[in-house]
1. Heavy atoms only, 1.4 Å probe, whole protein assembly: order Tyr17, Tyr11 by accessible area, highest first.
2. Using a Cα-Cα cut-off of under 24 Å, which lysines could be cross-linked to Lys51, ignoring same-chain neighbours fewer than 8 residues away?
3. Quick one: dipole size for the chain, taken about the Cα centre, charges +1 on Lys/Arg Cβ and -1 on Asp/Glu Cβ, in debye to the nearest 20.
4. Share of the chain's accessible area from carbon and sulfur, percent, 1.4 Å?
5. For Lys25, Lys33, Lys51, Lys2, what's the largest-to-smallest order of accessible area, 1.4 Å probe?
6. With a 1.4 Å probe and all protein chains in place, put Tyr47, Tyr40 in order of accessible area, largest first.
7. Whole number in Å², please: accessible area per residue of the chain, 1.4 Å probe, ligands, DNA and RNA not counted.
8. Could you give me D for the chain, from Stokes-Einstein at 37 °C and 0.692 mPa s, where the hydrodynamic radius is the Kirkwood radius over C-alpha pairs? Units µm² s⁻¹, please.
Amino acid sequence: MKIIEESDQYYIFQWEYDNMPITFKRWKQTDIKEIRVNEYFAKANGYTSVKDMVNQTVGQAKMNELFGGVPDWIRASPNGDFTFVGVNRAMLN
């Protein structure tokens, strides 16, 4: 494990999985854990790319509707379930 960023609110660190750096964020106050959504995360979960992962799960149209695109982070629950986290980027303008 390698810590790559730390603030008073969270740690961002990487673990190697099958020679791929998987990036995690751990929130200090709540112990919530998130994983960066990128090509390494998608491949570690059996997809060929982030696009493939999105298309085989909720679909790009739904991702655009909910978040304005693919969010940067996905929340991991203690039992191994994943939940995308983010705000529709269109609402921020």
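1. On the way: Tyr17 120, Tyr11 65 Å².
Greatest to least solvent exposure: Tyr17, Tyr11.
2. Lys25, Lys33, Lys43, Lys62
3. Values: 11 positive and 12 negative charges, 26 e Å.
So the magnitude is around 120 debye.
4. On the way: 3130 of 6240 Å².
Ligands and nucleic acids excluded, carbon and sulfur reach 50 percent.
5. Numbers: Lys25 25, Lys33 85, Lys51 145, Lys2 115 Å².
Descending order: Lys51, Lys2, Lys33, Lys25.
6. Numbers: Tyr47 55, Tyr40 100 Å².
From most accessible down to least: Tyr40, Tyr47.
7. Value for the chain: 67 Å² per residue.
8. Values: Rh = 14.1 Å.
Value of D from the Cα-based Kirkwood radius: 233 µm²/s.
The values are calculated or read from the model by the stated rules, or taken from the named source; none is laboratory data. Worth saying up front: this structure is predicted, and the values here are computed from it rather than measured. Counting neighbours? That spans all protein chains shown, and the Cβs are built from the backbone with ideal geometry, glycine included. Surface areas here come from the heavy atoms of the whole protein model, side chains and all, with no ligands, DNA or RNA. Shrake-Rupley method; radii C 1.70, N 1.55, O 1.52, S 1.80 Å.
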